[in-house]
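> Below is the structure I would like to discuss, written out as structure tokens.
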Amino acid sequence: MGVLVRSAARQLCYAARAVIPCTWRGKYFSSGSDEPAANNRVTPMLRHLMYKIKSTGPITVAEYMKEVLTNPAKGYYMHRDMLGEKGDFITSPEISQIFGELLGIWFISEWMATGKNVAFQLVELGPGRGTLMGDILRVFSQLGSVLKNCDISIHLVEVSQNLSELQALTLTEAKIPLEQNPESLVYMKGVTKSGLPISWYRDLQDVPKGYSFFLAHEFFDVLPVHKFQKTPQGWREVLIDIDPQVSGKLRFVLAPCVTPAQAFLQHDEIRDHVEVCPDAGVIIQELSERIALTGGAALIADYGHDGTKTDTFRGFCGHELHDVLIAPGTADLTADVDFSYLRRMAQGKVASLGPTEQQTFLKNMGIDVRLKVLFNKSDEPSVRQQLLQGYDMLMNPQKMGERFNFFALLPHERLHGRSHHINACQSRPSASPVAGFGELAWQ
Ligand code: SAH
């Protein structure tokens, strides 16, 4: 692993990133605030939701999030590029190339530690602009001698047609036309700039089964959450209704009686307000089953907590915190990921590691070595400044260093020294430490 980091660090290639002025979504903001409604207009999404509420009654927060973010006609993610300076928020891969490079090394390191399988699928959930995958694939190319003879394919799970086209622009070779078929489960196919097959799906279920590494960066936080409030009458779900006092405005209300989603609450819950994300549970179960069956690993990075936080539902628009009920469809909606819930949903089928703070994970992955190499190889003051600013944003505990966490799912065998697969290309089975979650083992 240490050899890998040094080898990757030696390769010089600076990939320019946006200037870093912006808001990251891990910033905390309590929902339902009294913030002035800067953008209090009736959007097509608001009109749609009001019709819905008028005809069938108040909706759950999960239904609201799902409609606002991924409704095929008007959803926030469906028709725009929300990332970066001109968008609504910025993410780690958009800040510094080093982030994706170190994740690329993590996957190679896990592939090596589990016996160098002859082939693997790299599957990313919610790839945004494709920047993170681009950085990972650059590392794969740079370490081509390590990966030679390994058959790699890339699989992207993305609901937004618009973002999938941006991902294709970032990742694929322009000279080779993309195959598109909106009716198919694999709605787009192509070849990456480094010659690997790449396919797009709307749902993880549609990705072929097989030895895979999974990646989800700032993906779980956009999945819909149900919210519950403890009251003297017991737990009540938070719903969204039309405000009878103000025309064209929504408001939070409490369900008058028990709702079906309350089945997701823990019997011994001690908090008085809880957010639960059943969609995240379904995805974790799918990942766990696949990893238990065929090996591989999942790396999940997001802002979140370990079952301690309460009301984290918030919105972002133009790098500002935004009231979640105002002008729906124009702002991103997000809630902190509850890693204790993800761990529970793995149901013991696989082992889990983390959550580990981003600053610790990246330090263990060798971010300082990589920064030094890139810094020393560039004479350009603006490049050097950008590298330092990017490092500070990712690592500073006041910025993204503490709020963001890494969490991994691995086959039990990975932590106990037995190799999952036996095939001709495998070398020794290994129980070496999992990179990032512990100090690097210098070879
Ligand atoms: N991982 C990227 C982008 C994060 S934004 C980064 O860190 O920069 C969230 C991403 O998840 C977007 O690509 C969005 O379109 C996608 N997404 C949101 N809901 C989804 C769903 N239900 N299924 C698949 N992709 C989804």
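> Of the residues 125, 204, 166, 178, which single one is within 12 Å of the ligand (Cβ to nearest atom) and out of contact with any Asp or Glu (no Cβ under 8 Å at 6 or more places or on another chain)?
Values: 204 fails: out of contact with any Asp or Glu (no Cβ under 8 Å at 6 or more places or on another chain); 166 fails: out of contact with any Asp or Glu (no Cβ under 8 Å at 6 or more places or on another chain); 178 fails: within 12 Å of the ligand (Cβ to nearest atom).
Among 125, 204, 166, 178, only 125 is within 12 Å of the ligand (Cβ to nearest atom) and out of contact with any Asp or Glu (no Cβ under 8 Å at 6 or more places or on another chain).
> If you don't mind, there's one more thing I want to ask. Looking at (1) out of contact with any Gly (no Cβ under 8 Å at 6 or more places or on another chain); (2) at pLDDT below 95; (3) within 16 Å of the ligand (Cβ to nearest atom), which one does residue 347 not meet, given that it meets all the others?
In the conditions (1) out of contact with any Gly (no Cβ under 8 Å at 6 or more places or on another chain); (2) at pLDDT below 95; (3) within 16 Å of the ligand (Cβ to nearest atom), residue 347 misses (3) alone.
> I would also like to ask the following. Out of the range 207-227, which residues are in a strand (DSSP E or B) and away from the ligand (no atom under 14 Å from the Cβ)?
Taking the range 207-227 first, the residues in a strand (DSSP E or B) are 212-217, 226-227.
Those that are in a strand (DSSP E or B) and away from the ligand (no atom under 14 Å from the Cβ): 212, 213, 226, 227.
> Here is a follow-up. Could you tell me which numbered condition residue 196 fails, if it satisfies all but one of (1) open to solvent by 10 Å² or more (accessible area, probe 1.4 Å); (2) farther than 20 Å from residue 296 by Cβ?
Residue 196 satisfies every listed condition except (2).
> Run down 77, 64 and say which single residue is of a type in the set (Phe, Trp, Tyr), within 15 Å of the ligand (Cβ to nearest atom) and at pLDDT below 95.
Numbers: 64 fails: at pLDDT below 95.
Of 77, 64, the one residue that is of a type in the set (Phe, Trp, Tyr), within 15 Å of the ligand (Cβ to nearest atom) and at pLDDT below 95 is 77.
> Based on this model, can you work out whether residue 293 counts as modelled with pLDDT of 95 or more, away from the ligand (no atom under 16 Å from the Cβ), within 15 Å of residue 408 (Cβ to Cβ) and open to solvent by 30 Å² or more (accessible area, probe 1.4 Å)? Steps first, answer last, please.
Details: modelled with pLDDT of 95 or more: yes; away from the ligand (no atom under 16 Å from the Cβ): yes; within 15 Å of residue 408 (Cβ to Cβ): no; open to solvent by 30 Å² or more (accessible area, probe 1.4 Å): yes.
Against the criterion (modelled with pLDDT of 95 or more, away from the ligand (no atom under 16 Å from the Cβ), within 15 Å of residue 408 (Cβ to Cβ) and open to solvent by 30 Å² or more (accessible area, probe 1.4 Å)), residue 293 does not qualify.
> Of all residues in the range 79-116, which are open to solvent by 10 Å² or more (accessible area, probe 1.4 Å) and either in contact with a Cys (Cβ under 7 Å, 6 or more places away or on another chain) or of a type in the set (Lys, Arg) (or both)?
Residues satisfying the conditions are 80, 85, 86, 88, 116.
> Follow-up. So which of 361, 375 ends up being open to solvent by 20 Å² or more (accessible area, probe 1.4 Å) and among the aromatic types (Phe, Trp, Tyr)? Give the derivation first.
Working: 361 fails: open to solvent by 20 Å² or more (accessible area, probe 1.4 Å).
Going through 361, 375 in turn, just one is open to solvent by 20 Å² or more (accessible area, probe 1.4 Å) and among the aromatic types (Phe, Trp, Tyr): 375.
> Can you report the number of residues in the range 111-138 which are assigned to a helix (DSSP H, G or I) and either within 26 Å of residue 88 (Cα to Cα) or aliphatic (A, V, I, L, M) (or both)? I'd like the intermediate steps shown before the answer.
In the first step, residues of the range 111-138 are kept if they are assigned to a helix (DSSP H, G or I); the result is 111-113, 131-138.
Restricting the remaining residues to those that are either within 26 Å of residue 88 (Cα to Cα) or aliphatic (A, V, I, L, M) (or both) gives 112-113, 131-137.
Total satisfying the criteria: 9.
> Across the range 128-146, which residue is nearest to residue 300 (Cα to Cα) among those that are away from the ligand (no atom under 11 Å from the Cβ) and of a type in the set (Ser, Thr, Tyr)?
By that ranking, first place goes to 141.
> Another one. Which one is most open to solvent (accessible area, probe 1.4 Å) among residues in the range 139-186 that are part of a strand (DSSP E or B) and hydrophobic (A, V, I, L, M, F, W, C)? Show your work before the answer.
First, the residues of the range 139-186 that are part of a strand (DSSP E or B): 151-157, 172, 179-180, 186.
The next check asks that each one be hydrophobic (A, V, I, L, M, F, W, C); those that pass are 152, 154, 156-157, 186.
Values: 152: 13, 154: 0, 156: 0, 157: 11, 186: 41 Å².
Taking the candidates together, the pick is 186.
> Has the range 92-110 got at least one residue that is in a loop (DSSP other than H, G, I, E, B) and touching a strand residue (DSSP E or B) at 6+ places or on another chain (Cβ under 6 Å)?
Narrowing the range 92-110 to residues in a loop (DSSP other than H, G, I, E, B): 96.
Pick out the ones that are also touching a strand residue (DSSP E or B) at 6+ places or on another chain (Cβ under 6 Å) and you get none.
Within the range 92-110 (the criterion being in a loop (DSSP other than H, G, I, E, B) and touching a strand residue (DSSP E or B) at 6+ places or on another chain (Cβ under 6 Å)), the answer is no, since none of the residues qualifies.
> Hey, could you check the range 296-340 for residues that are over 28 Å from residue 45 (Cβ atoms), in contact with a Phe, Trp or Tyr (Cβ under 9 Å, 6 or more places away or on another chain) and of a type outside the set (A, V, I, L, M, F, W, C) and say which is surrounded by the most Cβ atoms within 10 Å (Cβ to Cβ)?
From the range 296-340, those over 28 Å from residue 45 (Cβ atoms) are 296-301, 305-308, 339-340; that's our starting set.
Filter again for in contact with a Phe, Trp or Tyr (Cβ under 9 Å, 6 or more places away or on another chain), leaving 296-301, 305-307, 339.
Cutting the leftovers down to of a type outside the set (A, V, I, L, M, F, W, C) gives us 296, 305-307.
Numbers: 296: 30, 305: 16, 306: 16, 307: 17.
Among those that are over 28 Å from residue 45 (Cβ atoms), in contact with a Phe, Trp or Tyr (Cβ under 9 Å, 6 or more places away or on another chain) and of a type outside the set (A, V, I, L, M, F, W, C), it is 296.
> Just give me the residues in the range 57-84 being free of Cβ contacts under 8 Å to residues at least 60 places away in the same chain and of a type in the set (A, V, I, L, M), in sequence order.
Of everything in the range 57-84, those that are free of Cβ contacts under 8 Å to residues at least 60 places away in the same chain and of a type in the set (A, V, I, L, M) turn out to be 73, 83.
> Which residues, taken from the range 374-420, are assigned to a helix (DSSP H, G or I) and polar (S, T, N, Q)?
376, 382, 385, 386, 389
> Now for a different question. Within the range 203-220, is there a residue that is in contact with a helix residue (DSSP H, G or I) (Cβ under 9 Å, 6 or more places away or on another chain), crowded, with 22+ Cβ neighbours inside 10 Å and over 27 Å from residue 412 (Cα atoms)?
No, the conditions are met nowhere in the range 203-220.
> Only one residue in 175, 209 is at pLDDT below 95 and not β-branched (Val, Ile, Thr), so which one is that?
Numbers: 209 fails: at pLDDT below 95.
Residue meeting the stated conditions: 175.
> Based on this model, can you work out whether residue 268 counts as more than 16 Å from the ligand (Cβ to nearest atom), closer than 28 Å to residue 55 by Cα and charged (D, E, K, R)?
On the way: more than 16 Å from the ligand (Cβ to nearest atom): yes; closer than 28 Å to residue 55 by Cα: no; charged (D, E, K, R): yes.
No.
The values are calculated or read from the model by the stated rules, or taken from the named source; none is laboratory data. Just so you know, these numbers come straight off a predicted model, no measurement behind them. All Cβ positions, glycine included, derive from the backbone under ideal geometry; neighbour counts span all protein chains shown. Ligands, DNA and RNA are stripped out before the accessible areas are found, and what is left, the full protein with its side chains, is counted by its heavy atoms. Shrake-Rupley method; radii C 1.70, N 1.55, O 1.52, S 1.80 Å.
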